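The values are calculated or read from the model by the stated rules, or taken from the named source; none is laboratory data. Predicted, not measured: the structure shown is a model, and the values here were computed from it. Glycine also receives a Cβ, built like all others from the backbone with ideal geometry; neighbour counts cover every protein chain displayed.
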Amino acid sequence: MKKELKACRMCRRITDSDTCPNCGGETTDEWHGYVFILNSEKSQIAAEMGASNGEFALRVR
(Lines give C-alpha, C1' and ligand atoms only; values in the text may rest on other atoms or scores of the structure.)
Protein backbone atom coordinates (compact mmCIF):
# COMPACT_ATOMS: atom_id res chain seq x y z
CA MET A 1 0.00 0.00 0.00
CA LYS A 2 1.40 3.36 -1.06
CA LYS A 3 1.33 6.23 1.46
CA GLU A 4 -0.28 9.49 0.41
CA LEU A 5 2.14 12.34 -0.16
CA LYS A 6 1.76 15.48 1.94
CA ALA A 7 3.38 18.91 1.86
CA CYS A 8 4.74 20.95 4.75
CA ARG A 9 2.73 24.08 5.50
CA MET A 10 5.92 26.00 6.38
CA CYS A 11 8.64 25.00 3.88
CA ARG A 12 6.49 23.15 1.27
CA ARG A 13 8.72 20.03 1.23
CA ILE A 14 6.84 16.93 0.06
CA THR A 15 6.88 13.91 2.36
CA ASP A 16 4.71 10.96 3.39
CA SER A 17 5.03 11.85 7.09
CA ASP A 18 2.70 13.83 9.37
CA THR A 19 5.60 16.11 10.35
CA CYS A 20 8.17 17.61 8.01
CA PRO A 21 11.62 16.00 8.20
CA ASN A 22 13.14 19.29 6.99
CA CYS A 23 11.71 21.86 9.43
CA GLY A 24 9.43 19.91 11.79
CA GLY A 25 6.31 21.70 10.56
CA GLU A 26 2.82 20.28 10.16
CA THR A 27 2.00 18.63 6.81
CA THR A 28 -1.22 18.62 4.80
CA ASP A 29 -2.63 16.67 1.89
CA GLU A 30 -4.08 19.87 0.40
CA TRP A 31 -1.36 20.97 -2.00
CA HIS A 32 -0.98 21.57 -5.74
CA GLY A 33 1.92 21.61 -8.18
CA TYR A 34 5.17 19.75 -7.92
CA VAL A 35 8.76 20.84 -8.43
CA PHE A 36 11.87 18.68 -8.06
CA ILE A 37 15.04 20.71 -7.49
CA LEU A 38 18.29 18.99 -8.43
CA ASN A 39 20.80 21.84 -8.18
CA SER A 40 19.59 24.65 -5.93
CA GLU A 41 22.75 26.74 -6.43
CA LYS A 42 22.01 27.16 -10.16
CA SER A 43 18.19 27.15 -10.02
CA GLN A 44 16.35 30.44 -10.31
CA ILE A 45 13.14 28.75 -9.13
CA ALA A 46 14.91 27.44 -6.01
CA ALA A 47 16.22 30.93 -5.29
CA GLU A 48 12.73 32.45 -5.60
CA MET A 49 11.23 29.71 -3.41
CA GLY A 50 14.07 29.82 -0.88
CA ALA A 51 14.38 26.04 -1.31
CA SER A 52 17.22 23.55 -1.31
CA ASN A 53 17.48 20.30 -3.27
CA GLY A 54 14.44 18.03 -3.00
CA GLU A 55 10.73 17.74 -3.79
CA PHE A 56 8.46 20.70 -3.10
CA ALA A 57 4.83 21.74 -3.59
CA LEU A 58 4.16 24.94 -5.48
CA ARG A 59 1.02 25.82 -3.53
CA VAL A 60 -0.05 24.62 -0.05
CA ARG A 61 -3.38 25.34 1.65
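Selection of first residues in the stretch 1-25 that are within 15 Å of A51 (Cβ to Cβ) and of second residues that are surrounded by fewer than 17 Cβ atoms within 10 Å (Cβ to Cβ) and among the hydroxyl-bearing types (S, T, Y), restricted to Cβ pairs under 6 Å at least 6 apart or on distinct chains, gives the following pairs, ordered by first then second residue: R9/T28. Do you know which residues across the stretch 16-34 are modelled with pLDDT of 95 or more and hydrophobic (A, V, I, L, M, F, W, C)? Hits for the stretch 16-34 are C20, W31. Of all the residues in the stretch 11-56, those that are hydrophobic (A, V, I, L, M, F, W, C) and loosely packed, with under 14 Cβ neighbours inside 10 Å number 5.
Of the residues making up the stretch 31-51, those that are under 11 Å from R12 (Cα atoms), over 9 Å from the mean Cα position of the chain (by Cα) and in contact (Cβ under 8 Å) with a residue 12 or more places away in the chain are W31, H32, G33, M49.
For the stretch 38-61, the set of residues classified as of a type outside the set (F, W, Y), closer than 15 Å to C23 by Cα and either in a strand (DSSP E or B) or in contact with a Pro (Cβ under 9 Å, 6 or more places away or on another chain) (or both) consists of G54, E55, listed by residue number.
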